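Notes follow once the structure below has been shown.
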Amino acid sequence: MSTRIIYTSRTGNTKMLAQRIFEAVEDDDKNICPIEEWQHDTEADTYFVGFWNNRGTCGLEICDLLDELDGRRVALFGTCGMPDNHDYYRTVEDAVKVWLPDHVDYLGCFLCQGKMPMSTRRKFEEMRNENNAREIDACIRNFDAALLHPDEDDLHRAAEFARNAGKRQG
């Protein structure tokens, strides 16, 4: 078996997950790289594809990659600014896996909270007024909590996800 871990990471969060997944994968033939460095001619049996949540889905470069994985085993992983929220994570997963071809062995998805760029906090602060203070203050609290993620528990769960996905038979 051969495994490729391909990811995109804007703030380093998804890169952290990718590295932990790489360490957890038990294949002798494994490789990890950011999507910008991926050689499209290197094929594998299993792909772990990582992304950062971009308004409820992934970026176009991930959509294009997923479209190329027909007939492969594919697992998704990524980070979101939102804290652990099963319903929201399921919505993100559904929006991303729609880009998978019909003939893949889908191994599941792991998502966790990740820190956001400081520009996001500044945007919240600029938007705040007396009419929306409660909602914006909640967004700022979420932003501040996200600064601690992915944490060691998130990384441990990502590794466990990778080990379980790797054992799954098609």
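FYI, it's all coordinate maths here, none of it is from the lab. Computed from a predicted structure; not experimentally measured. Virtual Cβ from ideal backbone geometry, glycine too; neighbours counted across all protein chains shown.
Annotations for the structure displayed:
- Listed pairs LYS115/LYS167; LYS15/LYS97; LYS15/LYS123; LYS30/LYS115 exceeding 22 Å between Cα atoms: LYS115/LYS167; LYS15/LYS123; LYS30/LYS115
- Principal-axis analysis of the Cα atoms of the chain puts helix 86-97 at an angle of about 50° to the longest axis.
- The distance separating the Cα centre of region 90-107 from that of region 17-57 comes to 16 Å.
- Whether region 22-170 is rounded, prolate or oblate, judged on the alpha carbon gyration tensor where a/c under 1.5 counts as rounded: prolate
- Here region 95-170 is treated as an ellipsoid with the same Cα gyration tensor; its semi-axes, largest first and in whole Å, are 35, 17, 9.
- Stretching THR11 away from GLU61 to a fully extended chain increases their span by 16.4 nm, per 0.36 nm per residue minus the current alpha-carbon distance.
- Label reach from THR120 (point 7 Å along Cα→C-beta): in region 1-42, amide nitrogens under 12 Å belong to 10-14.
- Rounded FRET efficiency, nearest 0.05, which uses the C-beta distance separating ASP144 from GLU43 and R0 of 30 Å: 0.10
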